[in-house]
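The values are calculated or read from the model by the stated rules, or taken from the named source; none is laboratory data. Everything numeric here is computed off the predicted structure, so don't read it as measured data. We place every Cβ from the backbone using ideal geometry, glycine too, and count neighbours over all the protein chains shown. Just so you know, the surface numbers come from the protein's heavy atoms only, side chains and all, with ligands and any DNA or RNA stripped out. Shrake-Rupley method; radii C 1.70, N 1.55, O 1.52, S 1.80 Å.
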Amino acid sequence: MKKIIVACNSGLGTSLMIRLNVEALLKEWGLKAWVEHTDISSVDTFDADLIIGSNYVMESLQLAKDVEVIGLDDITDRQYLKSRLLDSDTFKQWLAV
């Protein structure tokens, strides 16, 4: 199953809001994925295909594994998130299947 982690500093408000938008877009595209939100310090404990969060948070992320990271300049705009996902190499592969 496809796995997406959405992260913010505390793992509460911002990541939850982005997660809800990601889930709505997945539904719109007819894609199934496991989506979880968490704090930035816990990201590396998940086995994810894609990590999403604000640019500010993603810039501080140090990952031990090779996974695509999407940093967002605007965390509230669903259309912006949609465009960033559609530009993602990982997401393009999911849509092609």
* **Selection status of Gln93, free of Cβ contacts under 8 Å to residues at least 24 places away in the same chain, outside any loop (DSSP other than H, G, I, E, B) and open to solvent by 70 Å² or more (accessible area, probe 1.4 Å)** => yes
* Structure fact -> Taking segment 29-46 and keeping only residues that are within 21 Å of Lys92 (Cβ to Cβ) and in contact (Cβ under 8 Å) with a residue 12 or more places away in the chain, one is left with Trp29, Leu31, Lys32, Ala33, Trp34, Val35
* To do: List every residue pair whose Cβ atoms sit under 9 Å apart, with the two residues 6 or more apart in sequence or on different chains, where the first one lies in segment 1-28 and is touching a residue at least 24 places away in the same chain (Cβ under 8 Å) and the second, anywhere, is outside any loop (DSSP other than H, G, I, E, B) and aromatic (Phe, Trp, Tyr).
  => Met1/Trp34; Lys2/Trp34; Lys2/Trp94; Lys3/Trp34; Ile4/Trp34; Asn9/Tyr56
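Scanning for something in a loop (DSSP other than H, G, I, E, B) and not aliphatic (A, V, I, L, M), does segment 13-26 turn up at least one residue? Show your work before the answer.
Within segment 13-26, the first condition is being in a loop (DSSP other than H, G, I, E, B), and the residues that meet it are none.
No: zero hits.
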